[in-house]
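No value in this document is a laboratory result; all are computed from the given coordinates. As the structure is a computational prediction, the values presented were derived from the model and not from experiment. Methodologically, a virtual Cβ is constructed for each residue, glycine included, from the backbone with ideal geometry; neighbour enumeration extends over all protein chains shown.
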Amino acid sequence: MTGIEATLYSPELPTRGASCRLNFEGSILHIDGIELLDESGYAPSKATEAIEIPVHEIVVSTGGFHDDMLFLGWLYHNIQYSVVISDQQAQLTLADTAPTELALKLNRGRGELRYHQKKWNAVLASLGVFAVAILFAWWQSDSITAWLATKVSQRTEERIGNAMLTQLQSSSELTQQGLAVDTVKEIGDRLTQGSRYHYQWYVQTSSDVNAFAIPGGIVVVNSALIEKASTAEELAAVLAHEVQHVEYRHTLHQMIHSAGWAAVLAITLGDVSAITGIFAHQLGNLRHSRKLEGDADAEGLKALAEAHIPLDGMLSFMKFLQTEDDETDGTPIALLKTHPATSERVANIERLIGTMACDCQPLTLDWPAVHASLEK
């Protein structure tokens, strides 16, 4: 049996329709080979006799879930009948063999199908590009946020930092006076000579052993950290590390990374209040990535060497924190929550110190007096 394969639908047939074949004889469409389709799609039995329809009664339309089907419809006693051709080659053969009157309609229908197919291809391609972009953004999120951080102007960064400082001052006990702050400033100024930032140094009265950097050149050291540092060189090591978070905009990077596009939009629009409101009270808990911590260690050691301050303070304080943390009741030291002293990190610091030359001299500071000033 020859002819174009299609599926016939009518009120007399099951919802799955019936398989059939189409042929033209002059201006008449012959539908024969009609067989009912079962649930599996097979045609186990005959359904009806052949059908003949004048082509001028046929209406051509398109549709289907993927907009890839051609419909031939007609009315018989006010009841709608139709055949569906889904195969593209069958659609082409139908148009080529149809009488001119119907061929024009079929070709218009096939043109609509091509348009819809291009539309769906464009949609799928756009979704594919979008999905790839999302995956790339997730895979390279650190690199992207680091790049975005570099595009923030220094003026905007300093506005963010000062706004965060203002909020922090309203809820914390910060000071810029006293021997401890003077000591932090003296060491910090040595570490930041030639910096593009105008640094501000603060000591926060707190029992948490911690220190953190605020964008724009603000460094806060908790009083408990100064008390735990056995030498001024250990304090210098902490300051050198935090300074790198400022110089390389690590804190800004982490803020953008954590807040996502909301932070990007806020910074782009110059709305510093939006981002400072999110992070002002979380500064001491912002955790940098392992890479950023490693970068801050390496650059911090270079800063110590350039300031002629002994390098081993970073290693000794890190080891002290590890030991101290092991002896606590399970509550981790605040600094270690944001700056984990992993064995890998400690080993890397030790390795870097072994490769660096330093014309260093111990700091000539009255360290016991600094501790005593905190007790007061």
* **Amide H contacts under 5 Å for THR231, placed H, 5+ residues apart** => none
* Positive minus negative residues near LEU106 (Lys, Arg vs Asp, Glu; Cβ under 15 Å) -> -2
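Going by a ≥ b ≥ c, the root eigenvalues of the Cα gyration tensor, does the stretch 210-261 fall in the rounded group (a/c under 1.5), the prolate group (a/b larger than b/c) or the oblate group? Don't skip to the end; give the middle numbers.
Values: a/c = 3.28, a/b = 2.28, b/c = 1.44.
Prolate shape, in that a/c is at least 1.5 and a/b is the bigger ratio.
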* Using the Karplus curve 6.51 cos²θ - 1.76 cosθ + 1.60 with θ = phi - 60°, work out ³J(HN,Hα) for each residue of the stretch 200-207 in order, rounded to whole Hz, and write x for Gly and Pro. => 10, 10, 9, 10, 10, 6, 7, 7
* Using the Karplus equation 6.51 cos²θ - 1.76 cosθ + 1.60 (θ = phi - 60°), what ³J(HN,Hα) coupling, rounded to whole Hz, does each residue of the stretch 84-100 give in order, writing x for Gly and Pro? -> 10, 10, 9, 6, 5, 5, 5, 4, 5, 4, 4, 5, 6, 9, 6, x, 3
* To do: Could you list, in their original order, any pairs among LYS185/LYS291; LYS291/LYS376; LYS302/LYS376; LYS151/LYS291 whose Cα atoms are separated by more than 31 Å?
  => LYS291/LYS376; LYS302/LYS376
* Asked: Which whole-Hz ³J(HN,Hα) couplings does the stretch 289-296 yield from phi under the Karplus relation 6.51 cos²θ - 1.76 cosθ + 1.60, θ = phi - 60°, glycine and proline marked x?
  -> 5, 4, 5, 5, 5, x, 4, 5
* Can you list residues whose amide H is under 5 Å from VAL203's amide H, if they're 5+ apart or on another chain and H is modeled 1.01 Å from N? -> THR175, VAL221
